[in-house]
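The structure appears below as structure tokens.
The values are calculated or read from the model by the stated rules, or taken from the named source; none is laboratory data. Given the structure is predicted, the values throughout are model-derived calculations rather than measurements. No Cβ is skipped: glycine too gets one built from the backbone with ideal geometry, and neighbour counts run over all protein chains shown. Side chains included, ligands, DNA and RNA excluded: accessible areas come from the protein's heavy atoms. Shrake-Rupley method; radii C 1.70, N 1.55, O 1.52, S 1.80 Å.
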Amino acid sequence: MNPFVYTGFAGRVVFGEGSLQRLPEEVERLGARRAIVLSTPEQRASAEAVAARLGDRAAGVFDRAVMHVPIETAAAAREYAASRGADACVAVGGGSTIGLGKAIALTSDLPIVAVPTTFAGSEMTAIWGITEAGVKKTGRDARVLPKAVIYDPLMVMSLPAWIAAPSGMNAIAHCVEALYAIDANPIVSMIAEEGIRALAASLPRLVSDPGHAGAREQALYGAWLAGTALNGVSMAIHHKLCHTLGGTFNLPHAETHTVVLPYATAYNRDAAPEAMVRIRRALGAFDEGDAARGLLALARAIGAPTSLRAIGMPADGLERAADLAVQNPYFNPRPIERAAIRELLERAYAGAGP
Ligand code: NAD
């Protein structure tokens, strides 16, 4: 075994069908009396239902969360929290809503209780992101890690298949990269492999039958593990490519991860053989004899997008994307070579297969 360093994080997780009922207790545990509830405009009704559960501990609903936390939205949310005299914030939603909570916590130390409703995994990480003038800055700060996370599988029941499928693949991407991270360690690798297993086993069922309680539970369990893996180690080429493509061409987050994942995995195929074995093992029925092909087979089976063209990537952006992806040297099991990255992008653009 290689020597390793492992840091544990002290987030509290409450998991199980109906666990949202425990929200008032969790807010009380933090000693908070005036919690604001955050959501996207589309999830306003959910946020209001959550605020109603909080009764007189609720101090209002702010429903302006959008993808990538624009600085203007962060400023408005911070102002709202201050104007309501908030002493906690409950984020009900996916990565965008939880990201908004993090933006508030970053400047105010307001504790966050997260109620995730997608599989993105942000609730388990100390990673924040804020977009200013079209450029997304990210960083790590212990203040933004939610103090408590309530995983209630009932909250993903309303998730349409077209959001659930890419969101699940986004979670798998965290696990895949954790397995070949520069700072990989046996604990996080175990978590990551189990995360892929839980998601690959549940997503096909979930997209065909969102009412299936077992599938919802397994997928959310996988998302928790994936978020933990993302927080526990550093990411590599896949996350760098998705960050570049999402930021520069405004491509949708989870869909970009879905499309790129098989190609990034193939890029590292020979350089990270142990990770490939673990991915294949975890893919179960989708093990096609190759990790990258297996991931593509899973994406196809759940009806997720499989080409950059289909999600709005301009063909004339590939050169620029390749240039950006090779900037600022970073660790990847296989060295970053521009020509090979350019080819990867070409294949992902066309959906040519890894
Ligand atoms: P999202 O939060 O933008 O949600 C996508 C859409 O789904 C929204 O319209 C939302 O209202 C809707 N939705 C969410 N849950 C629903 C439900 N249960 N029922 C019906 N509709 C629902 O998307 P996301 O993929 O969860 O998050 C993406 C963002 O999160 C990106 O900005 C990404 O960078 C960030 N992110 C951050 C981290 C981190 O660790 N900081 C990790 C993962 C993602």
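Results, tabulated for the structure shown:
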read-out: The stretch 67-177: relative contact order as a whole-number percent, Cα under 8 Å and 6+ apart; value: 26
read-out: Accessible area expressed per residue, the chain, with surrounding protein chains retained (probe 1.4 Å, Å²); value: 40
read-out: Ordering of 106-119, 73-86 by burial proxy (mean other Cβ atoms within 10 Å per residue, highest first); value: 106-119, 73-86
read-out: Difference of contour (0.36 nm per residue) and Cα-Cα distance, Glu132 to Ala352; value: 75.8 nm
read-out: Span from the the stretch 14-50 Cα centroid across to the the stretch 310-333 one, whole angstrom; value: 39
read-out: Tensor-based shape of the stretch 278-323 (alpha-carbon gyration tensor, a/c under 1.5 rounded, otherwise prolate or oblate); value: oblate
read-out: Anisotropy class of the stretch 292-354 from Cα gyration tensor, a/c 1.5 cut; value: oblate
read-out: Where Ile163, Ile104 fall by accessible area, highest first, once all protein chains stay in place (1.4 Å); value: Ile163, Ile104
read-out: Protection proxy ranking of 237-244, 13-20 - average other beta-carbon atoms within 10 Å, highest first; value: 237-244, 13-20
read-out: Accessible carbon and sulfur surface of the chain relative to its total accessible area, %, 1.4 Å; value: 53
read-out: Between the stretch 262-279 and the stretch 60-114, the Cα center-to-center distance that results, in Å; value: 37
read-out: Whether the stretch 252-345 is rounded, prolate or oblate, judged on the alpha carbon gyration tensor where a/c under 1.5 counts as rounded; value: oblate
read-out: Per-residue ³J(HN,Hα) for the stretch 199-216, Karplus 6.51 cos²θ - 1.76 cosθ + 1.60, θ = phi - 60°, Hz, x for Gly and Pro; value: 6, 5, 6, 9, 4, x, 5, 4, 6, 8, 8, x, x, 5, 4, x, 5, 4
read-out: Highest average packing first - 46-59, 260-273, Cβ atoms within 10 Å; value: 260-273, 46-59
read-out: Added length on full extension, which subtracts the Cα-Cα distance from 0.36 nm per residue, Arg300 to Tyr6; value: 102.3 nm
read-out: Dmax and Rg, reported as Rg then Dmax, of the chain (C-alpha, Å); value: 19.4, 59
read-out: Three principal axis lengths of the stretch 59-204 [C-alpha, angstrom, descending]; value: 45, 36, 30
